[in-house]
Amino acid sequence: MGLAIDEDKMTSRDTPHTATRDGDKWVVSWLPDRRLSRNEAITAMTLAWQVALDGSVHGSRWPFICAWAGELGLTGQEAVAIIAAAPEPGEEERAGG
């Protein structure tokens, strides 16, 4: 799979989104206001990775995207929209925000 998961960080070479451990919870770059369990962070990173590969509602991964989004209380369409709209990590700093 295209995710690298270690003790404090989750990354993928296919998406700029990351997950970082904050105490016993995780913060995912495309869901910055939520504190997730490790398993939820893996699901969120899997979503970001899959959307980077094929976020189309007509893509073969769409049923999986919908299922993973559901695990986070989102629809597939909501997750894709949030992932696509979320600034890449560090983008706010570069923009002066």
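The values are calculated or read from the model by the stated rules, or taken from the named source; none is laboratory data. Just so it is clear, the model here is predicted, and its values are computed rather than measured. When we count neighbours, we look across all protein chains shown, and the Cβ atoms used for this are built from the backbone with ideal geometry, even at glycine.
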So which residues in region 31-79 are polar (S, T, N, Q), more than 26 Å from residue 7 (Cα to Cα) and modelled with pLDDT under 95? 56, 60, 77
So, in region 14-23, of the ones that are outside any loop (DSSP other than H, G, I, E, B) and not hydrophobic (A, V, I, L, M, F, W, C), which residue ends up surrounded by the most Cβ atoms within 10 Å (Cβ to Cβ)? 17
Residue check, residue 33 closer than 16 Å to residue 80 by Cα, free of Cβ contacts under 8 Å to residues at least 60 places away in the same chain and surrounded by fewer than 19 Cβ atoms within 10 Å (Cβ to Cβ): no
In region 1-30, what count of residues is obtained for those that are polar (S, T, N, Q), modelled with pLDDT of 95 or more and under 16 Å from residue 84 (Cα atoms)? 2
Taking the condition of being in a strand (DSSP E or B), more than 11 Å from the chain's Cα centre (by Cα) and of a type outside the set (Asp, Glu), how many residues in region 24-71 meet it? 5
